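Q: Below is a structure I'd like to ask you about.
The values are calculated or read from the model by the stated rules, or taken from the named source; none is laboratory data. A quick note: this is a predicted structure, and the numbers were derived from the prediction, not measured. When we count neighbours, we look across all protein chains shown, and the Cβ atoms used for this are built from the backbone with ideal geometry, even at glycine. To get the accessible areas, we keep the full protein, side chains included, count just its heavy atoms, and leave off ligands, DNA and RNA. Shrake-Rupley method; radii C 1.70, N 1.55, O 1.52, S 1.80 Å.
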Amino acid sequence: MSSPIPRPAVPARPGPAAGRSQSLTFPCAPVVVPQVRGLLGDLLLAWGLPAGHELAYDLRLIATELVANVIEHAADSAPDLTVTLELADGTVSFGVRDGHPFLPEPRDGADDPCADDTSGRGRLIIRTLAAEAGGTTHVERHPDGKTLWVRLPWPGE
């Protein structure tokens with residue numbers, strides 16, 4: 001039985017939400033997924049996103065898929081993952097960094113998963129949600145791994 005991962009304090013709602021950033025490192029374990037979702041929701045509220053806003057729903061679903069993908073595909077070579085939420089210049093960015101050396105293989109539209117596929121749906125969900133919200137996705141390579149980023153417009157900016 002693993003010990004619970006402490007949840008950092010989320011600051012009280014400060015004024016306008018701009019130029020904010022929070023990064024936290026977690027073990028690559030399934031128990032982390034709901035913790036990241038909860039923390040993300042708390043931060044978005046603290047940064048001024050109205051409760052129940054569609055952006056919070058989209059980012060929480062995206063976080064679920066990104067973190068689950070790292071746990072599924074990178075945990076053997078990367079025991080930890082780091083999640084980052086940033087708000088700047090009218091954009092909210094969510095990234096998941098791992099120490100796995102390989103980049104995810106891109107799929108074009110013709111290669112999207114079909115009913116018989118056993119993987120690939122998470123990335124399709126992420127790309128679709130980002131595109132529908134007017135955002136982008138990309139992978140940033142590091143000497144010791146990568147960060148998968150999703151950037152979405154922040155409402156009202």
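Q: Only one residue in L85, L59 is more than 22 Å from R121 (Cβ to Cβ), in contact (Cβ under 8 Å) with a residue 60 or more places away in the chain and aliphatic (A, V, I, L, M). Which one? I'd like the intermediate steps shown before the answer.
A: Details: L59 fails: more than 22 Å from R121 (Cβ to Cβ).
The conditions single out L85.
Q: Here is a further query. Filter segment 119-141 down to residues that are modelled with pLDDT of 90 or more and part of a helix (DSSP H, G or I), then give me how many there are. Reasoning before the result, please.
A: Looking only at segment 119-141, we keep the residues that are modelled with pLDDT of 90 or more, and these are 126-141.
Now restrict to residues that are part of a helix (DSSP H, G or I): 126-132.
Adding up the residues that qualify gives 7.
To keep it simple, each residue is scored yes or no on (1) in a helix (DSSP H, G or I); (2) buried (at least 20 other Cβ atoms within 10 Å of the Cβ); (3) in contact with a Ser or Thr (Cβ under 7 Å, 6 or more places away or on another chain).
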| site | (1), (2), (3) |
| --- | --- |
| G38 | yes, no, no |
| A51 | no, no, no |
| L59 | yes, yes, no |
| I62 | yes, yes, no |
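Q: In segment 64-82, what residues are in a strand (DSSP E or B) and open to solvent by 10 Å² or more (accessible area, probe 1.4 Å)? Reasoning before the result, please.
A: Filtering segment 64-82 for residues in a strand (DSSP E or B) gives 80-82.
Hits for segment 64-82 are D80, T82.
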